[in-house]
Amino acid sequence: MCNNAFGLSRGVHVNSELMQNDYFRTMKHIIFILAATALTIASAVRAWAQSPDYDAWFTSDRLRVDFVLAGNADSQQAYLSGLRKECAWAGSHESLIDPFRYGEYMFEVRTVDGDTLIYSKGFSTLFQEWRTTPEARVVSKAYNQSVWMPFPKKEVRITLSERMKEACGTGRTGRFREIFYCTVDPDDVLVCREAPAEDYAATPLLVSGAMEHKVDLLFVAEGYTAQQMDEFHRDCRKFMEYLFSMEPYKSRMDDFNVTAVDVISPEQGTDIPDQGIWKHTALNSHFYTFYIDRYLTVTDYKAIADNVAGVPFDALFIVVNEEKYGGGGIYNSYALGTAGDELSYQVFVHEFGHSFAGLGDEYFTSEAAYENFYISDIEPWEPNITTMADFGSKWKDMMDSGKWDEAQVGIHEGGGYMAKGVYRSREDCRMRTNTAPDFCPVCQRAINRMIDYYCK
Ligand SMILES: [Zn+2]
């Protein structure tokens with residue numbers, strides 16, 4: 001999602017049909033919700049308790065699975081486009097099953113008979129965002145997307161599922177529907193084992209411990225020439241200082257390793273298509289994504305994947321050598337922002353909130369851009385916004401705890417690009433504006449939970 005706090009043109013299509021009294025409707029379902037919450041917690045506890053034995057299933061290496069996602073507003077298809085053995089797996093050896101189930105897609109790895117889940121991870125894509133634009137109603141497109149997993153020791157079955165805009169029984173977030181499956185044989189001679197095409201220098205900026213017990217954050221250079229790498233490292237250090245000045249990152253600094261990857265671009269900057277500016281850069285980043293002025297993204301995911309093939313990581317932030325305001329962040333995919341704007345650091349923590357912790361945008365305006373982005377009887381998967389369809393799965397427990405007053409953790413209408421029918425927990429938060437003093441307690445809890453997941 002892009003950062004709209006200072007006037008990106010993405011806005012809201014206000015749907016007056018959205019129910020404004022979802023809270024009371026939810027109360028009618030309170031018994032069901034309590035039961036559903038208990039079931040959800042129980043299954044999450046089971047998933048953690050029965051974490052698969054990493055060493056029985058996986059080597060210490062990383063497997064990259066490349067997909068092509070193709071389709072339009074109505075439907076999408078997924079195709080396998082490559083398998084590649086890369087460097088070391090940076091992820092936890094304990095947290096193999098995704099306890100959050102955030103994101104628009106779910107990638108799952110099972111034993112070859114399909115019986116036992118041994119790895120899963122939710123994520124979102126730029127392609128899925130594009131599918132909600134008007135253009136997707138008149139043309140079909142294809143986007144690259146890569147997913148990483150620990151390298152399997154024996155044959156496994158992988159599946160990719162898309163989230164449907166339909167509530168499922170418990171949890172009431174949109175259910176997942178399988179759109180792709182195949183068997184992966186790690187001994188297949190055609191699994192690519194080439195050294196990375198570009199072997200860039202990786203400079204450790206913060207080393208706190210073993211990669212499998214830390215969040216491994218990678219800063220990736222974009223639009224920096226070979227002569228500008230000192231400048232890139234200075235920019236990374238400033239981003240890092242800002243991140244660790246804000247809670248909850250401030251208290252959790254020891255849980256992070258941070259590395260800068262010197263990806264070299266032939267030219268400085270990035271593409272600004274609406275100004276006729278086109279730059280030859282390593283990742284082909286560009287403004288004007290979906291014709292939105294300040295929405296900066298990388299459309300071709302393969303450019304990202306190829307340039308980080310030799311470096312272990314959990315989370316990516318692409319630092320773009322440009323002064324114009326803008327950025328973007330997609331859950332478990334990537335985030336990026338420019339380095340030279342006066343609000344660059346604020347944009348960074350906001351976009352990283354999307355890509356790292358799965359946080360939703362808490363802002364809303366009256367302009368139209370997305371239609372029905374959230375549906376009233378489906379609980380959004382993002383932890384910091386709610387339609388009240390399943391408020392028990394969000395911050396109801398925090399309100400009930402008596403630890404915060406209502407100004408800190410309450411119910412405020414407006415969020416997720418919609419003025420009505422979507423609620424946030426506090427008047428202001430870094431997921432709403434760049435001027436908020438901090439993340440709201442609900443966002444802070446979600447970030448802390450994500451850090452815990454990587455550090456287990
Ligand atoms: Zn928040």
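Taking the range 207-238 as the range and being part of a loop (DSSP other than H, G, I, E, B) and β-branched (Val, Ile, Thr) as the test, the residues that pass are VAL207, THR225. Can you spot a residue in the range 399-410 that is touching a residue at least 40 places away in the same chain (Cβ under 8 Å) and within 16 Å of the ligand (Cβ to nearest atom)? Checked the range 399-410: no residue is touching a residue at least 40 places away in the same chain (Cβ under 8 Å) and within 16 Å of the ligand (Cβ to nearest atom). Among the conditions (1) surrounded by fewer than 20 Cβ atoms within 10 Å (Cβ to Cβ); (2) over 21 Å from VAL347 (Cα atoms), the only one that LYS394 does not satisfy is (1). Any residue that is touching a strand residue (DSSP E or B) at 6+ places or on another chain (Cβ under 7 Å), outside the structural domain of ASP314 (by TED's automatic domain parsing), free of Cβ contacts under 8 Å to residues at least 40 places away in the same chain and charged (D, E, K, R) - is there at least one of those in the range 161-168? Within the range 161-168 (the criterion being touching a strand residue (DSSP E or B) at 6+ places or on another chain (Cβ under 7 Å), outside the structural domain of ASP314 (by TED's automatic domain parsing), free of Cβ contacts under 8 Å to residues at least 40 places away in the same chain and charged (D, E, K, R)), the answer is no, since none of the residues qualifies.
Looking across the range 426-456 at every residue that is in a helix (DSSP H, G or I) and charged (D, E, K, R), the one that is nearest to SER92 (Cα to Cα) is identified as ASP452.
Which of the residues spanning the range 415-436 are in contact with a Gly (Cβ under 8 Å, 6 or more places away or on another chain) and either surrounded by 22 or more Cβ atoms within 10 Å (Cβ to Cβ) or closer than 25 Å to TYR242 by Cα (or both)?
GLY415, GLY416, TYR417, VAL422, TYR423, ARG424, SER425, ARG426, ARG430, MET431, ARG432
One residue is enough: does the range 352-373 have a residue meeting the conditions within 14 Å of the ligand (Cβ to nearest atom), touching a residue at least 40 places away in the same chain (Cβ under 8 Å) and on the phi > 0 side of the Ramachandran plot? Yes, the range 352-373 contains a residue that is within 14 Å of the ligand (Cβ to nearest atom), touching a residue at least 40 places away in the same chain (Cβ under 8 Å) and on the phi > 0 side of the Ramachandran plot.
When GLU241, GLU247 are checked against the criterion of being outside any loop (DSSP other than H, G, I, E, B) and within 22 Å of MET450 (Cβ to Cβ), a single residue qualifies: GLU241.
Residues that are surrounded by fewer than 23 Cβ atoms within 10 Å (Cβ to Cβ) and in contact with a Gly (Cβ under 8 Å, 6 or more places away or on another chain) within the range 266-281 comprise GLU267, GLN268, ILE277, LYS279, listed in sequence order. Taking the range 415-456 as the range and being charged (D, E, K, R) and within 15 Å of the ligand (Cβ to nearest atom) as the test, the residues that pass are ARG424, ARG426, GLU427, ASP428, ARG430, ARG432, ASP438, ARG445, ARG449. Consider the range 81-119 and keep the residues that are over 22 Å from the mean Cα position of the chain (by Cα) and in a loop (DSSP other than H, G, I, E, B). The one that is modelled with the lowest pLDDT is GLY114. If you go through the range 49-73 and keep only what is loosely packed, with under 14 Cβ neighbours inside 10 Å and either basic (Lys, Arg) or modelled with pLDDT under 95 (or both), you end up with ALA49, GLN50. Taken over the range 412-444, the criterion of being closer than 15 Å to PHE391 by Cβ and of a type in the set (S, T, N, Q) is satisfied by SER425 alone.
The values are calculated or read from the model by the stated rules, or taken from the named source; none is laboratory data. The structure presented is a predicted model; accordingly, all values stated were derived computationally and were not measured. Neighbour counts run over all protein chains shown; Cβ positions are idealised from the backbone, glycine included.
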